[in-house]
Amino acid sequence: MSADHGVASTKIYFREANVRALREEMRQNPRVLILGQDVGAFGGSYREFDGLYREFGAARVRDTPVAEAASIGIGVGAAASGFRPLVCITYMDFLMLGFDPLINYAAKLRYKTGGLLTAPVVVKTTAGAFGQGVAHSQCLEAWLMSVPGLKVVAPSTPADAYGLMKTALRSDGPVVYIDHKRLFPIPGEVPDAETFIPFGQAVVRKPGSDVTVATHGFMVRIALEAALILEGEGVSAEVIDLRSLAPLDINTVAQSVSKTGALVTLEEGQTTCGVGAEVAARLYECMGMRPWARIGALPAPVSSNPVLEAATIPDAARVVTAIHLLLGQ
Amino acid sequence: MIYKLSVPAAVPGVDEIRILEWQGTPGTAFEAGDLIVELETHKAVVEVRAGQSGILRELRAEPGDWRGIGLVLAVFSDRADEAIPAGDGDADLKVEFEIT
Amino acid sequence: MNSIESLRLMMLIRAFETALAKRPDHGFQLLSSGEEAVAVGLSAALTDKDQLLTGGRSIGPALARGAEPGAVMAELLGRVAGPNRGRGGRGHMADPESGFFGAHAVVGGNISIAAGVALAKQMAGDGGIVAVLFGDGACGAGVLHETLNISACWRLPLLFICNNNQLSVSTARTAALAPAKLSDLGAAFGMWTRTVDGLDVACVAAAATEAAGHVREGRGPAFLECVSVRLLSHSTTARETRSRATLTELRAQCPIRRQVAYLQSSGYLEIAQAEALEREAADRVAEAMAFADASPYPEASEVLDHVG
């Protein structure tokens, strides 16, 4: 246990933050369920459901066969009928197998029924490149941000994983909650008290004055690494962790850019129609043109080949170079 | 001789681990093959077993503590009467680790 | 539901859809002429604890389930008096109060949703079952097979009703699906299955009641195939591919005609009575139409309401 500014907290892993949020919500509401592959006795592929099967039993923590479309559809149908399921899709690459129930039904249910029905389902998935090949590495959150009726969040710390999951499980419509494989080994302090992090609220991870770096997920770590290097070179970068992609908190980014005068958007996904493109467009609508650069994966599939994967995904060096270029240094 | 037991780089991508449980207290003698301590990574438990005999002299981390890879967890010696220096030992304790 | 009631309901559906199709502003509709016995026979087996989900051919089933004809007409014509303020239309209308959980216009898209509704009923223990109605067109979809599997594994209280009208837009069942008997799709997963004549409302009602009974007892899902005919083209914009001669032959199999003939030959129905029932249906539809026409369209200003 530790106490920072008077807030009692404990250092835990991402998966433990997930378990804690779920355990609290499942104790509080008997209608919270978990569906997914290997979520039961196995405790989840990333151990993100450890102990929940033992406590809540097979009816509430259900293993599914490999059937993403039906699993999401079943979660959505149960949600529309008053339950609060979490459907776990182990790899974000497989989420597209369930796009019909998620996007054609769940995201549209409230609108198409004139508010009569809604589907409070959380689809939890894990994105990111980690040596597992072209169909096990993608970051597709940008595809989901534009779906009216769908909320999309992506924590970068265990505290945010806990707080955003708590909020997700009390949301009244479908939420896609996105973890990242490379964040799992990195522990962090999580408040001991019950905490909800609202959607649509970005956070400044590191204050700075020369450039704003708006990012999310694992790339927050890369941005902080780059910011450290830049400090040593006399450039002060302000790193903003978006956390919530839909709804998106453009005000925090705008406030930062008013101060720094320049924006770099950083994501692990593709830059074409990416999170960064949307952030920049909204910023422009907010405050007009500012110098902007976007950094993301190179336009290639992410191979499991270590040389090619490293070349495709942004690293701190690439971020530093891009910032120097943007600032004309 | 004084030996230090450091956090092994057992699992790729792991920078920090959590101490789970020590299998001895200062004064406990270990033989090769004995389980010394269990460490927890984000995905697995690492069993650290002695690769040589030695006597556990000092614990530098308690269960629940977090330590980065390479940091010292404990100090061992060949004989119970050797003085323990303030810093870390000269040599690394030979260990084997198993990921469960 | 007795035989006269079944006939009354089938006539209501036919009159309703006919009147709808006559309007110049009818919009994009899928009509169920020839398939009324499936909707009505199925509804005879369902109680007010149950829910029905369908694909896009939803009008007949919604009316059979007891949704108010006026409200349904309003919904189809985009008026606010519809259960979904005119936003769902035929492809998506939902009236859970009437036991019509909803239509979904993606072929096969409602099948896994229905299993979720069934899971909720199983866990809540409310004693209800869920029926999901789909056509032969949905039988090629992967999600049907995924859902058959999971619902069998979890013994969900789900009744799969396949309305096999033998044609998917222009594609005959024989060209699209390997099994000749579509209920075999359920048999592969070890569930209760049967194939019946979907043009005989009493036959459908009896089979649906038996299937529903099996499901109600907690013995797992059931798959009932009802073989029917589609008397019109797939939709109000789809070209008809069959010859006049074929259509004439098919019309002779009309389930309403059959029910009238059966009731008359068994002495349950006089010709005058049959005509009275037709008029009654027409009157109810006229009432529904007037109700719908009296309801306004939504204001454009509500376009961003209920997005979520």
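Where a number appears in this text, it was derived from the coordinates with a stated rule and is not lab data. In this text the structure is predicted, and so the values were computed from the model without any measurement. Glycine also receives a Cβ, built like all others from the backbone with ideal geometry; neighbour counts cover every protein chain displayed.
Can you check what the net charge comes to around C:Arg90, using other residues whose Cβ is under 15 Å from the Cβ of C:Arg90 (Lys, Arg +1; Asp, Glu -1)?
Working: positive: A:Lys112, C:Arg23, C:Arg57, C:Arg65, C:Arg79, C:Arg85, C:Arg87; negative: C:Glu17, C:Asp25, C:Glu35, C:Glu75, C:Asp95.
That works out to +2.
Once the Cα gyration tensor of the protein assembly as shown is found, what semi-axes does its equivalent ellipsoid get, as square roots of 5 times the eigenvalues, in whole Å, sorted largest first?
Equivalent ellipsoid of the protein assembly as shown: 60, 31, 20 Å, largest first.
Could you calculate the FRET efficiency of A:Val204 with A:Ser303 from 1/(1 + (r/R0)^6), where r is the beta carbon distance between them and R0 is 35 Å, rounded to 0.05?
Computed FRET efficiency for A:Val204 and A:Ser303 comes out at 0.50.
On a full-extension model of 0.36 nm per residue, what is the gain between C:Thr246 and C:Arg155, subtracting their alpha-carbon distance, rounded to one decimal in nm?
Values: separation 91, 0.36 × 91 = 32.76 nm, distance 4.19 nm.
Extra length available between C:Thr246 and C:Arg155 comes to 28.6 nm.
Report the residue, chosen from A:Ile313, A:Ile229, A:Ile34, that carries the largest GNM mean-square fluctuation when chain A is represented by alpha-carbon nodes joined by springs under 10 Å.
A:Ile229
Provide C:Met1, C:Met191 in ascending order of the number of other Cβ atoms located within 10 Å of each residue's Cβ, fewest first.
C:Met1, C:Met191
Past the 23 Å Cα-Cα mark, which pairs from A:Lys108/C:Lys181; A:Lys11/A:Lys166; A:Lys11/A:Lys259; A:Lys108/C:Lys49; A:Lys166/A:Lys259; A:Lys206/B:Lys43?
A:Lys108/C:Lys181; A:Lys11/A:Lys259; A:Lys108/C:Lys49; A:Lys166/A:Lys259; A:Lys206/B:Lys43
Return the percentage of antiparallel bridges among DSSP beta bridges fully within chain C, rounded to the nearest 5 %.
Restricted to chain C, the bridges split so that about 10 percent are antiparallel.
Under a crude label model (7 Å from the Cα following the beta-carbon direction), how far is B:Ile84 from C:Ala187 in nanometres?
For B:Ile84 paired with C:Ala187, the spin-label model returns 7.6 nm.
For the range C:110-200, what is one quarter of the convex hull surface built on the Cα atoms, given in nm²?
Values: hull surface 24.4 nm².
The directionally averaged projection comes out at 6.1 nm².
Hey, can you grab everything whose amide H is under 5 Å from the amide H of B:Phe97? Only 5+ residues off in sequence or another chain; H modelled, so Pro and N-termini drop out.
B:Arg49
Per-residue HN-Hα couplings for the range C:207-222, Karplus 6.51 cos²θ - 1.76 cosθ + 1.60 at θ = phi - 60°, whole Hz, x for Gly and Pro?
Residue by residue, the range C:207-222 yields 5, 5, 5, 5, 4, 4, x, 4, 5, 4, 6, x, 8, x, x, 9 Hz.
For the range C:264-279, what does the Karplus curve 6.51 cos²θ - 1.76 cosθ + 1.60, with θ = phi - 60°, yield as ³J(HN,Hα) per residue in whole Hz, taken in order and with x for Gly and Pro?
Result, ordered by residue: 5, 5, 8, x, 8, 9, 8, 4, 4, 4, 4, 5, 5, 5, 4, 5 Hz.
Could you work out the mean projected area of the convex hull around the alpha carbons of the range A:1-148, in square nanometres to one decimal?
10.9
Residue by residue through the range C:29-38, what is 3J(HN,Hα) from phi via Karplus (6.51 cos²θ - 1.76 cosθ + 1.60, θ = phi - 60°)? Round to whole Hz and write x for glycine and proline.
Karplus-based 3J(HN,Hα) across the range C:29-38 equals 10, 10, 10, 10, 4, x, 10, 5, 5, 5 Hz.
Can you list residues from other chains, or at least 5 along the same chain, whose modelled amide H is less than 5 Å from the amide H of A:Val213?
The list, which skips near neighbours in sequence, is A:Glu238, A:Val239, A:Ile240, A:Val264.
Tell me whether the range A:228-327 comes out rounded, prolate or oblate; compute the Cα gyration tensor, take square roots of the eigenvalues as a ≥ b ≥ c, and use a/c under 1.5 as the rounded threshold.
oblate
With viscosity set to 0.692 mPa s at 37 °C, what whole-number translational diffusion coefficient in µm²/s follows for chain A from Stokes-Einstein and a Kirkwood radius over Cα pairs?
163
What translational D, rounded to a whole number of µm²/s, comes out for the range A:114-162 from Stokes-Einstein when the hydrodynamic radius is the Kirkwood one over Cα pairs, at 37 °C and 0.692 mPa s?
Taking Rh from Cα pairs, D becomes 246 µm²/s.
Using a cut-off of 17 Å between alpha-carbon atoms, which aspartates and glutamates can reach B:Lys94, once sequence neighbours fewer than 8 places away in the same chain are excluded?
B:Glu31, B:Asp34, B:Glu38, B:Glu47, B:Glu58, B:Asp78
Could you list, bin by bin from short to long, the percent of Cα-Cα pairs of the range B:2-92 in 5 Å steps?
Result, from short to long distances: 3, 15, 27, 26, 18, 9, 2, 1 percent.
Just to be sure I understand: with springs between alpha-carbon atoms less than 10 Å apart, which residue in A:Lys112, A:Lys11, A:Lys181 has the highest mean-square fluctuation in the Gaussian network model of chain A?
Highest fluctuation of the listed residues: A:Lys112.
So between C:Asp48 and C:Glu97, what do we pick up on full extension, going 0.36 nm a residue minus the alpha carbon distance?
Length difference between fully extended and current span is 16.8 nm.
Fully extended, how many nm does the chain gain between A:Asn104 and A:Arg318 (0.36 nm per residue separation, minus their Cα-Cα distance)?
73.2 nm
Measure off 7 Å from each Cα along the Cα-to-Cβ vector at B:Asp34 and A:Leu325, then give the distance between these two points in nanometres to one decimal.
With each label placed 7 Å out from Cα toward Cβ, I get 5.9 nm.
Which whole-number percent gives the relative contact order of chain A, counting Cα pairs below 8 Å spaced six or more residues apart?
Once normalised by length, the contact order is 16 percent.
What number does the range C:1-147 give for Rg over Rh if you use C-alpha atoms and the Kirkwood radius?
0.96
Taking chain A as a Gaussian network, where each spring joins two C-alpha atoms under 10 Å apart, which residue of A:Gly274, A:Gly163, A:Gly232 fluctuates the most?
Between A:Gly274, A:Gly163, A:Gly232, it is A:Gly232 that shows the largest mean-square fluctuation.
Exposure proxy check: C:Ser33, A:Ser71 ranked by fewest other beta carbons within 10 Å? Write down the numbers at each step before the final one.
Details: C:Ser33 20, A:Ser71 30.
Listed from fewest to most nearby Cβ atoms, that is C:Ser33, A:Ser71.
Once amide H atoms are placed 1.01 Å from N in the peptide plane, what residues at a sequence separation of 5 or more from B:Asp92, or on another chain, have their amide H within under 5 Å of its amide H?
HN-HN under 5 Å from B:Asp92: B:Lys4.
Would you list, by chain and number, the lysines whose Cα falls below 26 Å from the Cα of C:Lys22, excluding same-chain residues fewer than 8 positions away?
A:Lys112
In µm²/s, what is D for the range C:142-193 at 10 °C and 1.306 mPa s, where D = kT/(6 pi eta Rh) by Stokes-Einstein and Rh is the Kirkwood radius from Cα pairs?
Here the translational diffusion coefficient equals 132 µm²/s.
Which order results if A:Met287, C:Met11 are arranged by neighbouring Cβ count within 10 Å, fewest first?
Listed from fewest to most nearby Cβ atoms, that is A:Met287, C:Met11.
Taking all pairs of distinct Cα atoms, average 1/r, flip it, and tell me the Kirkwood hydrodynamic radius of chain C in Å to one decimal place. Provide the component values of the computation, followed by the final result.
Values: mean 1/r = 0.0512 Å⁻¹.
Value: 19.5 Å, from the Cα pair sum.
Provide the net charge surrounding C:Ile13, with neighbours chosen by a C-beta distance below 12 Å and charges set as Lys +1, Arg +1, Asp -1, Glu -1. Display every interim value, and only then the final one.
Values: positive: C:Arg8, C:Arg14, C:Arg57, C:Arg65, C:Arg284; negative: C:Glu17, C:Glu35, C:Glu36.
Local net charge: +2.
Put a dot 7 Å past each Cα toward the Cβ at C:Asp25 and C:Arg279; how far apart are the dots in nm?
Going from the C:Arg279 label point to the C:Asp25 one covers 3.0 nm.
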